[in-house]
Structures are given as C-alpha cells and as structure tokens.
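The block underneath contains the structure these notes are about, expressed in structure tokens.
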Amino acid sequence: MTETIIVDRKDRVGLITLNRPKALNALTLQVMHEVVAAAQEFDRDPGIGAILITGSAKAFAAGADIKEMQPQSYLDVYLSDWFAGWDALARVRKPTIAAVAGYALGGGCELAMLCDILLAADTAKFGQPEIKLGVIPGIGGSQRLTRAVGKAKAMELCLTGRMMDAEEAERAGLVSRVVPADRLLDDALETAATIASMSLPTAMMAKEAVNRAFESSLAEGILFERRLFHATFATADQKEGMAAFVEKRAPHFTHR
Ligand code: HXC
C-alpha cells in the first residue's frame, strides 16, 4: 500500500504517479522509498516493458520537501546519506520515462533527469533553485543537467535558480519532445507502450548502450555532489534559507 504515489499498470507499461497534491508533490524520504520500490517491482516483473513516472498538471514535483529537510543537521544528512536512495532509480534496467507538466524544480528536475526519456507538457518549468535555500542540488542535478544542456546553461540555472520553460528545455536538449498539456499522459503512455512492444532484452541493451555514452564517471560526480550537498547543512545560510521558505519570507543570508 503506497501513501504518496499511485501505482498502476496499462498493459505492459508500469505507471507511477506522484500524489502529494497539497505539497506540489514535494519529495520526502517516503516518496523516495515508494517510487524506488515501485520502480524496482516493475523492473522485476516480466510483464512490464517500460516504466512511466508522472505528477499532476500543476507540478511534476516542486523539489525535495523543504519542511522535511529544514531541521536536519550536517551529521543527520551525512550519516543517513540523505537522498542516496534515489540512485537506485538510475539502476533500474528497463526504460524509464518522465512525463512532466508544471513545476519540475530542484529534486523534481533531478527525478525527471533520472529517467531515460523526458517528455514535457508545454506548461512544464524546469529549474535547480536550491541555491536560493542555501544548498546545492543533491540528487545528481549538477551532473545530469550539465551533461544534458552543457556547462553554460547548467551553471546559470544552478547559480541563479532561474526556471526555464518547456520550449527552452527542448532547445537545450533536456527534453525529447514538448506536447500540449492535455495530450501529455496519452502521448507518454503511447511512447512507453511503443517501447514496451519492443524486445525487452534489446530495449534494455539499447538503454545500457546509450547510458554508457552519457554516464562515464557520473558516479564520481554524484558522490562528490552529495558530500557537498550534505555540507551545505553545516552552514547558517541553509538554516536561514529553509526557515525563510517555511515562514514565507525572503531569506537574509550572512554568507556563513
Ligand atoms: C515543501 C513545498 C515545496 C517544497 C511547495 N511546497 N514546494 N513544501 N517542499 N519543495 C508547498 C508550499 O509550502 C505550500 O504549502 C504548497 O506546497 C503550495 O505551494 P505555494 O508556494 O503556495 O504555490 P505557488 O505559489 O503556486 O508556488 C509554486 C512554487 C513554490 C514556485 C513551486 O512552491 C516554490 O518555490 N517551491 C519551492 C521550490 C524549491 O525551492 N524547490 C527546491 C527544493 S530543494 P502550504 O502548506 O503553505 O499550502 C531541493 C534539494 C534537492 O529540491 C536536493 C536534495 C538532496
């Protein structure tokens, strides 16, 4: 029984829908455990050929859950290896697709980038706004975004927290296609069904081959990023950034 996601299957497609509408699908540890467990179960299921992850019309996911992270100390996040569980999604061997409408920010953008194919509705907005909270991406964003869109744009997005719309994301190579919002789920299901109709082992090998080009030394980058992400919890600015969000006010960073 899942509480934060809805798990469904459409013929040979496994469908995972993020379902915390009141928090714009913010990613708690529970969401992580449920998404990863559902994806792994589909991965083991011989009747499934592709896995589709989606959110709501307003938000794919507005980031890691700031309220859950706010009280954590550096040692809390370092010792529990906060969010390392998401790495298991990258190890799912069947093709995965993210269908994104609305906000895909911070951890939400990173979750979408963990998938093999990223389809966007024309309402999608992507960004890595962690810097506004006094932290940096922690689920691979600094590595995968840079590989997807290049250094210039990744640097700008990570340093300013600016969002990019679907059209810019497609131009930059982050998403494979943009479709009208009301077509997103049907279109994504169709794409997933097409993939699921192919030879499963061949599709898995094709995925492995493409990833080989994309991923060399990614693991190193992710580990490096995670340790730095954990270290941001040792700063006063992280405490201030998250407190300001929760208290609905502008942050006053002291640069310490
Ligand atoms: C917790 C969140 C949240 C988040 C939104 N909410 N995003 N709660 N964590 N990331 C909650 C709000 O507090 C609010 O709850 C409700 O969802 C609706 O959000 P609003 O802000 O009222 O909606 P709106 O005005 O439409 O603005 C949408 C928004 C904004 C622009 C997406 O919510 C926003 O800026 N969210 C934070 C985005 C962000 O910084 N993401 C990165 C997180 S850090 P209440 O209870 O008030 O109704 C991150 C780290 C990744 O992801 C690395 C970790 C390892």
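The values are calculated or read from the model by the stated rules, or taken from the named source; none is laboratory data. Predicted, not measured: the structure shown is a model, and the values here were computed from it. Here the Cβ positions follow ideal geometry from the backbone for every residue, glycine too, while neighbour counts run over all protein chains shown. Only protein heavy atoms, including side chains, enter the accessible area calculation; ligands, DNA and RNA are left aside. Shrake-Rupley method; radii C 1.70, N 1.55, O 1.52, S 1.80 Å.
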(message) Looking at the range 10-20 only, could you name the residues that are open to solvent by 60 Å² or more (accessible area, probe 1.4 Å) and touching a strand residue (DSSP E or B) at 6+ places or on another chain (Cβ under 8 Å)?
(response) Arg12, Asn19
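Identify all residues within the range 21-42 that are open to solvent by 40 Å² or more (accessible area, probe 1.4 Å) and either within 21 Å of Ala84 (Cβ to Cβ) or more than 14 Å from the ligand (Cβ to nearest atom) (or both); write none if there are none. So that I can check it myself, show each step before the final result.
Filtering the range 21-42 down to residues open to solvent by 40 Å² or more (accessible area, probe 1.4 Å) leaves 21-22, 24, 29-30, 33, 37, 40-41.
Across the range 21-42, the qualifying residues are Leu29, Gln30, His33, Ala37, Gln40, Glu41.
Being within 30 Å of Ile66 (Cβ to Cβ), of a type in the set (Lys, Arg) and open to solvent by 70 Å² or more (accessible area, probe 1.4 Å) narrows it down to one residue among Arg249, Arg183, Arg226, Arg212; which is it? So that I can check it myself, show each step before the final result.
Working: Arg183 fails: within 30 Å of Ile66 (Cβ to Cβ); Arg226 fails: open to solvent by 70 Å² or more (accessible area, probe 1.4 Å); Arg212 fails: within 30 Å of Ile66 (Cβ to Cβ).
Checking each option against the conditions leaves just Arg249.
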(request) Scan the range 114-155 for residues that are touching a strand residue (DSSP E or B) at 6+ places or on another chain (Cβ under 8 Å) and within 15 Å of the ligand (Cβ to nearest atom) and report the count. (result) 9
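Tell me, please, whether a residue that is at pLDDT 95 or above and in contact with a Ser or Thr (Cβ under 6 Å, 6 or more places away or on another chain) can be found in the range 164-179. Spell out the reasoning first.
From the range 164-179, those at pLDDT 95 or above are 164-179; that's our starting set.
Narrowing further to those that are in contact with a Ser or Thr (Cβ under 6 Å, 6 or more places away or on another chain): none.
No, the range 164-179 has no match at all.
When the range 187-199 is examined, which residues are found to be touching a residue at least 60 places away in the same chain (Cβ under 8 Å) and either closer than 19 Å to Ile53 by Cβ or under 20 Å from the mean Cα position of the chain (by Cα) (or both)?
Step one: of the range 187-199, the residues touching a residue at least 60 places away in the same chain (Cβ under 8 Å) are 187-189, 191-193, 195-198.
The answer is Asp187, Ala188, Leu189, Thr191, Ala192, Ala193, Ile195, Ala196.
Can you tell me how many residues in the range 47-67 are in contact (Cβ under 8 Å) with a residue 60 or more places away in the chain and more than 7 Å from the ligand (Cβ to nearest atom)? Step through it out loud before you land on a result.
First, pick out the residues of the range 47-67 that are in contact (Cβ under 8 Å) with a residue 60 or more places away in the chain: 48-54, 57, 60, 63-64, 66-67.
So of that shortlist, the ones also more than 7 Å from the ligand (Cβ to nearest atom) come out as 48-54, 57, 60.
So the answer is 9.
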